[in-house]
1. Quick check: pseudo-label points 7 Å beyond the Cα along Cα→Cβ at residue 235 and residue 409, how many nm apart are they?
2. For the modelled label position 7 Å from the Cα of residue 274 along Cα-to-Cβ, which residues of segment 421-436 have backbone nitrogen atoms closer than 17 Å?
3. What ranking, highest mean first, results for peptides 367-377, 229-239, 314-324, 340-350 when packing means the other Cβ atoms within 10 Å averaged over each residue?
4. Within a Cβ distance under 12 Å of residue 117, other residues only, what is the Lys/Arg minus Asp/Glu net charge?
5. Hey, what's segment 61-106 come to in accessible area per residue, 1.4 Å probe, Å²?
6. Subtract the Cα-Cα distance of residue 356 and residue 454 from 0.36 nm times their separation in residues, and report this length gain in nm to one decimal.
7. Read through the labelled values (1) 34.5; (2) 26.3; (3) 22.7 and report the label of the one computed as mean projected area of the Cα convex hull in nm² from the structure.
8. Can you work out ³J(HN,Hα) from phi for every residue in segment 231-243, in order, using Karplus 6.51 cos²θ - 1.76 cosθ + 1.60 and θ = phi - 60°, giving whole Hz and x for Gly and Pro?
Amino acid sequence: MTPTPSPGVPFAATPATAASGGRGERRALWLILGVFVAVGLHHIHSNTLFGQDFDLHSRATELLMQDSGNWFPLDFTNRPLIYVLGAAGHWLTHGKAPFELAAVICVLLNALALYFAHDSTRRFIASPWLRIGAVAFIAFLPATQVAAVVYAEDAVGPLPFALAAWGLLRSLESVSIRASLGYAVLAGLALCAGDFAKFLFIVQPLAGAVAIALAWRGQRISWRRGVAIGALALLAPILTGGWIQLRAERHFAGVPKHHSFAWQGTGEMTWADLLLVKPSDRRILAAPGYWDIVMINGQDEYALSQNHDYSYPALLHLGIYTDVLDYAGGGQLKDLPPRPEPQKSWSRWAVRLGVLSSVSIFLAVLAFVARMAAALVKPRLTPANGVLVWGLMALAWYLPLFLSFPYLHHVYEWGYWLPRLVIPALWGFGLLFFAAADGRLAPHRRLPALLACLVLLQAVLHIRSLWY
């Protein structure tokens, strides 16, 4: 049985079968995944993979090949999985195309992550149209397309995240105790692998524990089953994440930290900058790029890096719907203008039309948080298990970074606001929107199909804006 929204009620959970999409949905899913892989391979062919901090990551790969214990090239937040893939690329291609092969592997891993995301939605989104719309939306966001191929840690985060969410969801909903515990083990292994991929996996066990507790409080699982799932899914990742972090802290003992905080506030990004949009934010509708230059006090400066000039919501929106670092079509190696025509025009339209999506997703996340707060008082209001798991894991990924911005030095200048750092969270928030839309549109037979078609057209726009 699969929880799906009741008509007109976002995030509600009532039993329904999952296989209502049939062959057409499966064909649409494989088409989306095929196009995703083809687009990724195109970006690799056009050298998009040579993106941010490539010199750092290539040196880190070389150091790992020289000494398998060299995991942390810059800071305690680094993780070695991407460098393992790069080293494998060196070995398999005899050093001829190491990073290209690693990028191909990353594209395939991201496609697999999208498969698990779609299969998860079969348990909390009733409409096949909206399930397909959801996976197409998150797959072809410009931020996703670029992060999936650039040789950096961001490329290896989505699969363990999606697999852990899928495994935990299946564990909570399996009728068989044996299957439930098996899925819990799979979720735990995925989170352990994630600890080697991205630093923010260190907080994911907290999201899993809250999801399990709320599922128990909503009388969906017994307390014994909840304890068993928690032990199998969360204990090993807690120990693994703590061990890796301890190893990193020892590695950098006595070395000044690259990421520095001022808990009295840095003054670089205020809470107003973080939370509120500004009238001047309308400038993002012109789709500016990270490398665009403005004259300030007689000196050339990067426009998007100026403290207080743009709000965080505006910068995040810009980064989601454009290739804000302009790596498509050459990465750091390209000799073209940062963003020539017609890609510039397509990017402007992507940013403008994306406002509807961003506002809708923001409202869906607020509705989820409100529903969670209500569920603390009335357990019967607990969202569907899939919404619970994906929503909590997305928030656990997003909030630690988001809430640190007023205290983090160089937050504008070093691009901590870039969405590449929060891709798994963006996927989770996107699924929340489609789950909420499913509840609202369920009484209307044609509206889900219309929304899915609009999303597919938006996906074409996004692909076109990055296609060189």
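The values are calculated or read from the model by the stated rules, or taken from the named source; none is laboratory data. From a predicted model like this one, the values you see are computed outputs, not experimental measurements. Glycine gets a Cβ as well: all are built from the backbone with ideal geometry, and neighbour counts include every protein chain shown. Note: accessible area is taken over every heavy atom of the protein model, side chains too, but ligands, DNA and RNA are not part of it. Shrake-Rupley method; radii C 1.70, N 1.55, O 1.52, S 1.80 Å.
1. If labels sit at residue 235 and residue 409, their model points lie 4.2 nm apart.
2. 422
3. 314-324, 229-239, 340-350, 367-377
4. So the environment of residue 117 carries a net charge of +2.
5. Ligands and nucleic acids excluded, the figure is 46 Å² per residue.
6. Using 0.36 nm per residue and subtracting the Cα-Cα distance, I get 34.1 nm.
7. (3)
8. 5, 6, 8, 10, 5, 4, x, 4, 5, 5, x, x, 5
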